[in-house]
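S.K.: Here it is: the structure, laid out below.
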Amino acid sequence: MNKSKEYNFEIEIIAEETPQVITNCHKCKKQTMFYCSDKFRVNAQQKNIDVWLIYKCAYCDSTWNSPVLSRLHVNKISRELHQKFMSNDRETAWEYAFQIEKLRKLCSRVNTDIKYRVASKQIKPEAGDITIKLISKYKFGLRLDKVLAEILGIPRPKLCQLAESGEILTNPQVSIKSKIKDDLKITIKALELGDTKLK
């Protein structure tokens, strides 16, 4: 009996924007969408420092500040991080912009339906078992069945059937309908891959 070929893919999910927040805009006098400006506001008084991440209204450009650090002693923050705040380091801004659970406590709603892309090499094996390692730096509520359907070109109902029949395995073990996480591995048993969308 011939053993099925095994294929391994490392696929990165790349966020192309940050989540938006819905909160009250004093200028519009209603709840509006605010987007992250990728800029910080830093206020230092004596030996304490306050830092906010600045959001802007999508309609009038008014600002809403999301607290990052509050009344923190300067000795408790590294020079490197302080410099990142002062220079409006984009990567640092995004780290805080994707703290979705914290944001939900500060505003009315967080819109996690953001633009993203799937980055992987163009590989088209004929058939066999495949293992996909998902890399996702940011968590924004993207469901596993959605991204697998996009990667493999398989309808979601078919993916659910494969999962129920034990032909899709995950490590760590999660539901096919769960949110994706970094370093999640998915193995699909003996899948015909002639016309998949791995690219």
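The values are calculated or read from the model by the stated rules, or taken from the named source; none is laboratory data. Being a predicted model, the structure only gives us computed values, none of them experimental. Neighbour counts run over all protein chains shown; Cβ positions are idealised from the backbone, glycine included.
S.K.: Within the stretch 93-111, is even one residue touching a Phe, Trp or Tyr at 6+ places or on another chain (Cβ under 8 Å), touching a residue at least 40 places away in the same chain (Cβ under 8 Å) and among the β-branched types (Val, Ile, Thr)?
M.R.: The answer is yes, given that some residue of the stretch 93-111 is touching a Phe, Trp or Tyr at 6+ places or on another chain (Cβ under 8 Å), touching a residue at least 40 places away in the same chain (Cβ under 8 Å) and among the β-branched types (Val, Ile, Thr).
S.K.: Then there is this: Considering only residues that are among the acidic types (Asp, Glu) and in a loop (DSSP other than H, G, I, E, B), look in the stretch 14-40 and name the one that is surrounded by the most Cβ atoms within 10 Å (Cβ to Cβ).
M.R.: 17
S.K.: Which of the following residues is at pLDDT 95 or above and part of a strand (DSSP E or B): 69, 106?
M.R.: The match here is 69.
S.K.: Cβ-Cβ under 6 Å, sequence separation 6+ or interchain: first residue in the stretch 151-179 and exposed (fewer than 13 other Cβ atoms within 10 Å of the Cβ), partner not in a loop (DSSP other than H, G, I, E, B). Which pairs?
M.R.: Filtered contacts from the stretch 151-179: 171/185.
S.K.: Of all residues in the stretch 37-69, which are of a type in the set (Gly, Ala, Ser), more than 23 Å from the chain's Cα centre (by Cα) and under 24 Å from residue 27 (Cα atoms)?
M.R.: 62, the sole residue that qualifies.
S.K.: For the stretch 45-65, which residues satisfy the criterion of being in a strand (DSSP E or B), over 24 Å from residue 115 (Cα atoms) and in contact with a strand residue (DSSP E or B) (Cβ under 8 Å, 6 or more places away or on another chain)?
M.R.: If the condition is that a residue be in a strand (DSSP E or B), over 24 Å from residue 115 (Cα atoms) and in contact with a strand residue (DSSP E or B) (Cβ under 8 Å, 6 or more places away or on another chain), then 48, 49, 50, 51, 52 are the ones that fit.
S.K.: Sort through 132, 154 and tell me the only one that's modelled with pLDDT under 95, in a loop (DSSP other than H, G, I, E, B) and on the phi < 0 side of the Ramachandran plot.
M.R.: Testing whether each residue is modelled with pLDDT under 95, in a loop (DSSP other than H, G, I, E, B) and on the phi < 0 side of the Ramachandran plot leaves just 154.
S.K.: If you scan the stretch 111-129, which residues turn out to be modelled with pLDDT under 90, buried (at least 16 other Cβ atoms within 10 Å of the Cβ), at negative phi and assigned to a strand (DSSP E or B)?
M.R.: Selection gives 129 alone.
S.K.: In addition: Just checking, does the stretch 97-110 include any residue being at negative phi and in contact with a Cys (Cβ under 9 Å, 6 or more places away or on another chain)?
M.R.: Within the stretch 97-110 (the criterion being at negative phi and in contact with a Cys (Cβ under 9 Å, 6 or more places away or on another chain)), the answer is yes, since at least one residue qualifies.
S.K.: Can you say whether residue 11 is outside any loop (DSSP other than H, G, I, E, B), surrounded by 12 or more Cβ atoms within 10 Å (Cβ to Cβ), in the same structural domain as residue 129 (by TED's automatic domain parsing) and β-branched (Val, Ile, Thr), as far as the supplied structure shows?
M.R.: So residue 11 passes the test.
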